[in-house]
Amino acid sequence: MHLEPPNTRLASLRDFAKHYLMIVLSILTALGLEAWIEHAHHVHAAEAASLHIRTELQANLADVRTSIKTNQGLVTPLRKLDDAVARDIRDGVPAGTINQYIQAHKEDFRLSINWPTFASQSWDVAVANQSASWMDDAVLRRYSVAYADLRETSDWISHDGTLLIDAPAVERLRTRIALGATVDPLDFVNAARQMINTSAETQSHLQQLESHLVTALGKDAESGTHG
């Protein structure tokens, strides 16, 4: 800021006060203008970041809903196979007959889970350039919860999702079935239910994530609603 000195001599206290007031007003005006420009920049940056985040969350929500719907279909054959074998065991059907049924439906003895790839670039950028800090607190809190759940859900499938399955035992059963060897029906049902429970737990995590994404997006979530 540049201040011009008075061109005339200040002959009285009144002249000095007027000149002093002019300087103070000039400084306050300059500071106010600077603050307004900075505020406008922050508002624009926050709005742009929010738009990118909402677009990203909508894409994540659409992928999550697609996975939920797909997984419902993928686990259905395994559930039917488990139900049939368990019913035969309760009814006292001979193990040889049950094995024949298992062989006839061996392609259904598998765990298939559709898992979305989560995007978080827009959120990462907003945090890095501090535009997230200029958003409304309530909005920022909803976004933060949604992305935190994205990370937790991704970590679960990467690290904890397989803990429900005795992988070596399942693989031994699959090998025996693939070679046409007999298997213990109870071992088979136990392995099948581990796979079913893993699918159910995955669905639970995806549904919880869907809820948080819907909360974060509000009415915009409706554009991604599946039937």
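Could you give log10 I(q)/I(0) at q = 0.15, 0.20 Å⁻¹ for segment 124-211, computed by the Debye formula over C-alpha point scatterers of equal weight, without solvent?
With no solvent term, the Cα-only Debye profile gives -0.70, -0.95.
For Met195, Met22, what's the largest-to-smallest order of accessible area, 1.4 Å probe?
Greatest to least solvent exposure: Met22, Met195.
Which Rg and Dmax, in Å, describe the Cα atoms of segment 78-134?
24.3, 69
Find the accessible area per residue for segment 124-164; the probe is 1.4 Å, ligands and nucleic acids are left out, and the unit is Å².
Working: 2480 Å² over 41 residues.
Heavy-atom accessible area per residue stands at 60 Å².
With a ≥ b ≥ c taken as the square roots of the eigenvalues of the C-alpha gyration tensor of segment 159-210, please select rounded if a/c is under 1.5 and otherwise prolate if a/b is larger than b/c or oblate if it is not? Walk me through the numbers before you get to the answer.
On the way: a/c = 3.26, a/b = 2.64, b/c = 1.24.
In terms of gyration-tensor shape, prolate.
Just to make sure I understand: if all protein chains stay in place, what is the order of His44, His205 by accessible area at 1.4 Å, largest first? Write out the running numbers ahead of the final one.
Details: His44 125, His205 45 Å².
Heavy-atom accessible area, descending, gives His44, His205.
Keeping all protein chains in position, work out how much accessible area Leu140 exposes to a 1.4 Å probe, and write it in Å² to the nearest 10.
About 40 Å², ignoring ligands and nucleic acids.
For segment 86-124, which trypsin sites (Lys or Arg not before Pro) pass both filters: DSSP loop (anything but H, G, I, E, B) and at most 15 other C-beta atoms within 10 Å? Please report the intermediate quantities before stating the final value.
Values: sites: Arg87, Arg90, Lys106, Arg110; in loops: Arg110.
Counting only loop positions with at most 15 other Cβ atoms within 10 Å, the trypsin sites (Lys or Arg not before Pro) in segment 86-124 are Arg110.
Would you compute, for the Cα atoms of segment 77-178, the largest minus smallest coordinate along each principal axis and list the three values in descending order, in whole Å?
Result for segment 77-178: principal-axis Cα extents of 69, 25, 19 Å.
Taking N as the number of residues in segment 41-130, what is its Cα Rg relative to 2.2 N^0.38 Å? Walk me through the numbers on the way to the answer.
Working: Rg = 23.6 Å, N = 90, 2.2 N^0.38 = 12.2 Å.
Segment 41-130 yields a ratio of 1.94.
The values are calculated or read from the model by the stated rules, or taken from the named source; none is laboratory data. No experiment lies behind these values; they were computed from the predicted model shown. Cβ sites come from the backbone with ideal geometry, for glycine too, and all protein chains shown count toward neighbours. What goes into the accessible areas is simple: the full protein's heavy atoms, side chains included, and nothing from ligands, DNA or RNA. Shrake-Rupley method; radii C 1.70, N 1.55, O 1.52, S 1.80 Å.
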